[in-house]
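Colleague: The following block contains the structure, expressed as structure tokens.
The values are calculated or read from the model by the stated rules, or taken from the named source; none is laboratory data. Everything quoted here is computed from the prediction, not taken from an experiment. Using ideal geometry, Cβ is built from the backbone for each residue, glycine included, and neighbour counts are taken over all protein chains shown. When the accessible area is computed, the model is the full protein with side chains, heavy atoms only, and any ligands, DNA or RNA have been set aside. Shrake-Rupley method; radii C 1.70, N 1.55, O 1.52, S 1.80 Å.
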Amino acid sequence: MSACRLYLISPPRIAAHDFSQVLKEALSGGDVASFQLRLKHAGDDEIRRACDVLRPVAQAAGAAFILNDRPDLAAELGCDGVHIGQEDATYAEARAAVGTGAIVGVTCHN
């Protein structure tokens, strides 16, 4: 059996610069595989700013930086992957947007 690793998910609303220190502390607390930025009600500019601040923090710690719901922005912003829900893009659309080297997670609810 392989070791379990942590998958961290952001709160739904954050101040990116303030949250960056919280993220650093969380990333140092265990074996973290991934961090998902999940700002479901944020606009594109807010998501871009948060990615610019938080992506380097996660990646410097060796964690994949996953963007929720937005394959287009994940590709544009250099994220390691995207997580899509059942009402977002299809898997094929997300894969096409982020490319073969990126992670695509899909909600299954089961």
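Colleague: Answer with one residue from Asn68, Phe19, Cys79: the one whose Cα lies farthest towards the positive end of the charge dipole of the chain, charges on Cβ with Lys, Arg +1 and Asp, Glu -1.
Modeller: Phe19
Colleague: Which whole-angstrom value gives the distance between the alpha carbon centres of the stretch 1-63 and the stretch 68-110?
Modeller: Taking the Cα centre of each part, the stretch 1-63 and the stretch 68-110 sit 16 Å apart.
Colleague: Another question, then. What does the accessible area per residue of the stretch 1-98 come to in Å², with a 1.4 Å probe and no ligands, DNA or RNA counted?
Modeller: Per residue, the stretch 1-98 has an accessible area of 56 Å².
Colleague: Along each principal axis of its Cα atoms, how long is the chain end to end? Whole angstroms, biggest number first, please.
Modeller: 41, 35, 25 Å, listed from the longest principal axis down.
Colleague: Could you work out the Kirkwood radius for the stretch 64-110, taking every pair of different alpha carbons, averaging 1/r and inverting it, reported in Å?
Modeller: 10.1
Colleague: In addition: Report, in debye and to the nearest 20, how large the dipole of the chain comes out about its Cα centre when Lys and Arg carry +1 and Asp and Glu carry -1 on their Cβ.
Modeller: So the magnitude is around 260 debye.
Colleague: Further question on the same structure: Starting from the coordinates of the alpha-carbon atoms of the stretch 1-66, obtain the Kirkwood hydrodynamic radius over all distinct pairs and give the value in Å to one decimal.
Modeller: 12.1
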